[in-house]
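To start, the structure under review is shown below, and the notes come after it.
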Amino acid sequence: MLTQGVLFGVGASFLLAPTNSLAAQWFDKYRGLATGISIAGSSIGGLWFTVATQSIMDQIGPEWALRILGILTLVVTGTMNMFYFQRVPPKPRKRIIELSVTKRLTFWLIALELFAAYAGYWALVFYIGTTAKQIGGTLQDGSHLLLVLNAGTVIGRVITGYIADKFGSINTLAVSLILTVAIEVPLWMTAK
């Protein structure tokens with residue numbers, strides 16, 4: 001499970017950044033909405049993945065369930081990668097990693113903000129099943145809660161993209177982070 005968690009996390013990171021940047025290249029007026037719709041696809045995948053994982057694990061066990069889901073992920077993402085097209089070619093770089101950016105305060109503030117936001121969000125996602133069981137539910141209840149969370153993020157990502165087009169991406173980000181903290185802090189303060 002640890003290997004699957006690490007490999008899936010690294011693999012998902014390699015897929016996330018390039019695919020998130022593609023939709024924005026093709027739109028000027030509705031860039032936020034286009035990005036919101038494309039990112040909502042990961043939540044739709046999360047809906048399917050949650051149900052499929054639980055079902056396959058119940059039928060054939062965790063080892064083969066993870067193998068099957070890994071093969072399916074490879075086939076689906078490999079096929080989809082053939083249909084991605086860049087509108088704007090990347091600028092040539094002298095280095096793959098520009099270390100000079102780490103000298104800027106803005107870089108560290110963005111890194112800190114993303115760490116704090118995602119640490120709270122992903123911890124909730126990863127422990128939702130365990131938490132459901134601790135408060136008297138079952139792992140199945142945790143799966144159902146994860147389905148509700150993923151369904152909510154489909155709607156939230158599209159709406160947030162639309163709002164970003166109307167009020168600006170930085171303003172939308174700031175309000176989203178404040179709301180996220182307002183929701184997550186009470187959850188974590190009451191967690192056992």
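The values are calculated or read from the model by the stated rules, or taken from the named source; none is laboratory data. Values in this document were obtained by computation on a predicted structure and should not be read as measured data. Here Cβ is always computed from backbone atoms with ideal geometry, including for glycine, and neighbour counts include all displayed protein chains. Side chains are part of the model used for accessible areas, which takes the heavy atoms of the whole protein and leaves out ligands, DNA and RNA. Shrake-Rupley method; radii C 1.70, N 1.55, O 1.52, S 1.80 Å.
A few comments on the model shown:
- Candidates R67, R93, R31, ranked by Gaussian network fluctuation over the chain, Cα under 10 Å, top entry: R93
- Percentage, to the nearest whole number, of Cα pairs in the chain over 31 Å apart: 27
- Share of carbon and sulfur in the accessible heavy-atom surface of the chain [1.4 Å probe, %]: 73
- Shape call, segment 141-192: gyration tensor on alpha carbons, a/c limit 1.5: oblate
- For the residues G168, G129, G11, a GNM of the chain with alpha-carbon springs under 10 Å puts the largest fluctuation on G11.
- Degrees separating the helix 105-134 axis from the principal Cα axis of the chain, which is the longest one: 20
- Amide hydrogen proximity for F27: with H placed 1.01 Å from N in the peptide plane, no residue at 5 or more positions away or on another chain lies under 5 Å.
- Anisotropy class of segment 46-125 from Cα gyration tensor, a/c 1.5 cut: oblate
- With Cα atoms, 0 to 90° folded angle of helix 169-190 axis to the chain main axis: 30
- Listed residues E63, E113, E98, most fluctuating in the chain (Gaussian network, C-alpha, under 10 Å): E98
- Using alpha-carbon coordinates, inclination of helix 31-60 to the longest axis of the chain, degrees: 20
- Only protein heavy atoms count here; under a 1.4 Å probe, D141 has an accessible surface of about 70 Å².
- Net charge dipole size for segment 1-158 [Lys, Arg +1 and Asp, Glu -1 on Cβ; Debye, nearest 20]: 860
- Solvent-accessible surface (1.4 angstrom probe) belonging to L16, in square angstrom, nearest 10: 90
- Exposure check, 1.4 Å probe, all protein chains in place: M57 carries approximately 60 Å² of accessible surface.
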